[in-house]
Amino acid sequence: MTVEIKIAEVFLKHRRALGVERAMIPGMGRKFIQAIAWVGMVAIFSNGANAVENETTPRDALVYKDGDRVQGKFVERAGEVIVFKSDRFGELRVPAKDAVVMLAEKSAERAAGPKAEGKIAAEQKDEERVKIWEWFSPFVLTAKVRNFFGPWHGRFTFSTEVVSDSSDQTNVALEGHMQRKWKSDEVQLTARYDYSETNQFATTDTVKATGSYRHDFSSARFALYRPTLEWNRASLLNGVANDYVLLQQEIGAGFNLMTKPNRKVRAGVAENLFDLWNTAPTHKHTSRTVESLFEETEFMLPWRMSVAQRGVWYVPLNGRADGWENRIELNKKLSETLSVAVRQEIRRNNPDGSAQDYTRLKLLLGLDF
């Protein structure tokens, strides 16, 4: 009734603009107003119900092999073609070999009509494929990892080797790398575990975590902060056990010498703060500061290959011997989600005075996300 009164007031106020005379209001005009009011109320409630239904209806997902997802509603599977009605791109027809459907609800609750049984069977078949893909397909696994980490991108890598000749040797390497970029900032996080043993005697047992934050002041200048935490539980120094925990903080600044999309070269200077805690043979803590020069390169190569390299030279000041370390990695993408890499790492005369030097060459299999 209140809606009718409001509409009547608006109608009376603008009756001249609508070309309606005052005499028409008492009789036919009032019935006409009531009819408009009821139609308006029905439309309002109908739109509201549709809006609530759209908000509460779960959305299915069409997952492609490269990990991309499209939200919408699964329609049917016609032979080897998936018919999917997406929210943004309308109806899509995708070969079943290129994607799978992740259902938001049970098909039995949606399917109706004469085609219900065939639709349910097709959806159940896709559900079985999804379950199998979840165990064996890197595409679905990558899609789930991407959804979990959101705007972060990275790679999980794995390497192992078992050798039996004059001695029994086992090598295992696990690594997770994540990064995120903004307009002027970039953050990288890396966690790694290396283990090696010979004749059941541990020769390498190292946990290493590295972070990196770089801020670009302009296209030419940047600042850098790199903390590194290394825990070595199988270190030897002059044949004596030398287990340690090393915290290195690198604070530097430099110049972007090349900033092309497929080629990047950076160089700069840094101040390094070393804190070393020895746990064997005796407990002690040492701290020192060392200056260094560093350079970084990133090149994109043909055939979906890339090279990344970082070298650091520790300046020999105050009678200290110079030290250096270098890491270079050649990566080849086998697909959108799988990659293989060869990495070499060298560290000589680390300025902390106690950490173990090494040369490592590894073949790594990676899962990108």
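The values are calculated or read from the model by the stated rules, or taken from the named source; none is laboratory data. Here the structure is a predicted model, which means the values were calculated and not measured. Glycine also receives a Cβ, built like all others from the backbone with ideal geometry; neighbour counts cover every protein chain displayed.
Within segment 144-164, can one find any residue that is hydrophobic (A, V, I, L, M, F, W, C), over 30 Å from SER235 (Cα atoms), modelled with pLDDT under 90 and surrounded by 14 or more Cβ atoms within 10 Å (Cβ to Cβ)? Yes, some residue in segment 144-164 is hydrophobic (A, V, I, L, M, F, W, C), over 30 Å from SER235 (Cα atoms), modelled with pLDDT under 90 and surrounded by 14 or more Cβ atoms within 10 Å (Cβ to Cβ). Within segment 354-369, the set of residues being more than 30 Å from TYR64 (Cβ to Cβ) and either surrounded by 14 or more Cβ atoms within 10 Å (Cβ to Cβ) or charged (D, E, K, R) (or both) comprises SER354, ALA355, GLN356, ASP357, TYR358, ARG360, LYS362.
Within segment 339-355, the set of residues being in a strand (DSSP E or B) and either touching a helix residue (DSSP H, G or I) at 6+ places or on another chain (Cβ under 6 Å) or within 16 Å of TRP313 (Cβ to Cβ) (or both) comprises GLU345, ILE346, ARG347, ARG348. Would you confirm, using the coordinates I've provided, whether ARG288 is part of a strand (DSSP E or B), surrounded by fewer than 16 Cβ atoms within 10 Å (Cβ to Cβ), among the charged types (D, E, K, R) and assigned by TED's automatic domain parsing to the domain that holds ALA234? Against the criterion (part of a strand (DSSP E or B), surrounded by fewer than 16 Cβ atoms within 10 Å (Cβ to Cβ), among the charged types (D, E, K, R) and assigned by TED's automatic domain parsing to the domain that holds ALA234), ARG288 qualifies. Apart from one condition, SER196 fits all of (1) in a strand (DSSP E or B); (2) within 19 Å of GLY353 (Cα to Cα); the exception is (2).
Against the conditions (1) in a strand (DSSP E or B); (2) at pLDDT 90 or above, TRP303 satisfies every one except (1). Residues in segment 342-369 that are touching a Ser or Thr at 6+ places or on another chain (Cβ under 7 Å), touching a residue at least 24 places away in the same chain (Cβ under 8 Å) and among the hydrophobic types (A, V, I, L, M, F, W, C): 5 in all.
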